[in-house]
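S.K.: The structure's right below; bear with me while I get my questions together.
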Amino acid sequence: MKNLSPLRVLIFGYLAYTLVGWALLSLPWVQNTALSSLDTLFVATSAVSTTGLVTIDPGQSFNFLGELVILLLIQAGGIGYMTFGSFIIIATSHKMSRHRVAVTRKAFAFPDDFGPAHFIRNVVRFTLAVEALGVLLLWWAFSARDVDNPLWMALFHSVSAFCTAGFSLFPDSLERFAHDPFINLIIAGLSYAGAIGFIVMVDVWNQLAGRQQHLHFTSKIILKVTLGFSFAGTLLVYNMDPALKAMAAADGLLIAFFQVMTATTTVGFNTIPISHLAAPVLMVLYLLMVFGASPSGTGGGLKSTTLAALVGLVKSTLKRRDRVRLNKRPLAPDLLRQATASFVYYMAVLFAAVTVLLILEQAPLDVLLFEAISALGTVGLSTGITGDLSTLGKLLIVLLMFMGRVGILSFGIAISMQDETPEEENDQDLAL
């Protein structure tokens, strides 16, 4: 392991998690009904990648032990490979090996001025605190709504929401709560807390504690893009879908907000069948799912900072500037190369995947495109065809989910390079 590059260690770690989860979910005494090896592999990969796409109903197919395995896989995949191990090492020896620090930086992609040990401590504490608060709120809400096993349901959905996994033990995701603002807002709060990323949370906490005067540049960009996606996306979805416009304004806006939130954070819950949404709405969701959440968070996608860097590149090119600027700050050339390469590589993988799916499956282009984007962005939204895919189609979605968890560019670098020798840029101050 010490002889592998940090990127390959990440891939090896997530692969190990997935294989262990697959083995555990294949045990007959964790299943309510006999499941195929492909279905258990699909669920294990979806849980570790925090995607939420499933070929079977987890709440009906697994007993408590099976659901517990899924929950642990979601937690492990959500906060990242090696995080708990690093936390224990820090707590006992107060130091991390140089190799572990390198892997941690690849896993979280935080700026150079963030100390890895202090960062990991805050990641674990913040995760446990937010999830515990989510459990208390959801426990009260589910109890008041006569949900069976309210404490377990609250724990499972709190972790699933914060880790942006989108796994639900309800057979209809969260459609039964479509008009329930309290549960919608709890789930949204947990999802945003996970997807905005630990960079922002650590940054905000340090500022509140008086350790620093200003938010980092990365945090400002993340918050700006996330708020822009949420506000503009909600208005667009609400106004472009006739069914939502026909509802009472409060109900329509709540459903529109939730679907924009679930695509932006890549959490994957839904309160309305995705197949019922109008075509223009799906176009909006395509964009949100492609870029998704933020770096060092639990969500997937190309990341909000990648979009910001690409927008800065386009604006500077149109204005014929010598240097690319974003919010009046110059961006390092290495960062721009990484953002551009990620986008191009993502589109190439997406094009190849959709082409193969069109050959394998008897489904329309828009449905298969939505499924592929959802898998690659670890979103978990679906128009309902996941369980009907062919064996090869399901295996392709498994690969896309795994690539999305590791990071599309990181995956490509790790499998194509013999030796990783990245160049450091002193003026790089935005994490991707």
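S.K.: Assign one of three labels to the range 132-284, namely rounded, prolate or oblate, based on the Cα gyration tensor with a ≥ b ≥ c the square roots of its eigenvalues; rounded applies when a/c is under 1.5, prolate when it is not and a/b is larger than b/c, and oblate otherwise. Walk me through the numbers before you get to the answer.
M.R.: Working: a/c = 2.27, a/b = 1.20, b/c = 1.89.
Since a/c reaches 1.5 but b/c is at least a/b, the shape of the range 132-284 is classed as oblate.
S.K.: GNM on the chain, C-alpha springs below 10 Å: top fluctuator among S36, S49, S158?
M.R.: Greatest mean-square fluctuation among the candidates belongs to S36.
S.K.: With a probe of 1.4 Å, find how much accessible area the chain has per residue, and write the answer as a whole number in Å².
M.R.: Here the per-residue accessible area is 43 Å².
S.K.: So which DSSP H runs in the chain come out at 24 Å plus along the axis (Cα) with average Kyte-Doolittle of at least -0.5?
M.R.: Values: long enough: 6-25 (28 Å, 1.55); 116-144 (42 Å, 1.14); 217-240 (34 Å, 1.15); 333-360 (40 Å, 1.53).
Once both thresholds are applied, what remains is 6-25, 116-144, 217-240, 333-360.
S.K.: Does a label point 7 Å from the Cα of N32, set along Cα-to-beta-carbon, have any residues of the range 175-194 with amide nitrogen under 18 Å, and which are they?
M.R.: Counting backbone N atoms under 18 Å from the label point, the list is 175-176.
S.K.: Tally up the carbon and sulfur contribution to the accessible surface of the chain as a whole percent, 1.4 Å probe, everything protein left in place. If you can, show how the numbers build up before the last one.
M.R.: Values: 11950 of 18440 Å².
Carbon with sulfur: 65 percent of the solvent-accessible area.
S.K.: Sticking with this structure for a sec: Taking amide H positions as placed in the peptide plane 1.01 Å from N, state which residues far from Q31 in sequence (5 or more) or on other chains have amide H under 5 Å from it.
M.R.: N63
S.K.: Restricting to Cα pairs below 8 Å that are 6+ residues apart, what does the relative contact order work out to for the range 154-212? Please round to a whole percent.
M.R.: Details: 32 pairs, mean separation 20.8, N = 59.
Computed value for the range 154-212: 35 percent relative contact order.
S.K.: For L399 and I359 in the same chain, what is the full-extension length gain: residue separation times 0.36 nm, less their Cα-Cα distance, in nm?
M.R.: Contour length minus Cα-Cα distance gives 12.7 nm.
S.K.: What distance in nm lies between label points placed 7 Å from Cα along the C-beta direction at L318 and A248?
M.R.: 4.2 nm
S.K.: Another one. Please tell me the relative contact order of the chain in percent, rounded to the nearest whole number, where contacts are Cα pairs under 8 Å and at least six residues apart. Could the numbers behind the result be given before it?
M.R.: Working: 709 pairs, mean separation 85.0, N = 432.
Computed value for the chain: 20 percent relative contact order.
S.K.: Take L65 and D366, extend 7 Å from each Cα along the Cα→Cβ direction, and tell me the distance between the two endpoints in nm.
M.R.: Between L65 and D366, the label points sit 4.5 nm apart.
S.K.: Quick one: how many lysine pairs does the chain have with C-alpha atoms less than 29 Å apart and a gap of 8 or more or different chains? Give me the count, please.
M.R.: 25
The values are calculated or read from the model by the stated rules, or taken from the named source; none is laboratory data. Everything numeric here is computed off the predicted structure, so don't read it as measured data. As a convention, Cβ positions derive from the backbone with ideal geometry for all residues, glycine included, and neighbour counts pool all protein chains shown. In case anyone asks, the SASA skips ligands and DNA or RNA and just uses the protein heavy atoms, side chains included. Shrake-Rupley method; radii C 1.70, N 1.55, O 1.52, S 1.80 Å.
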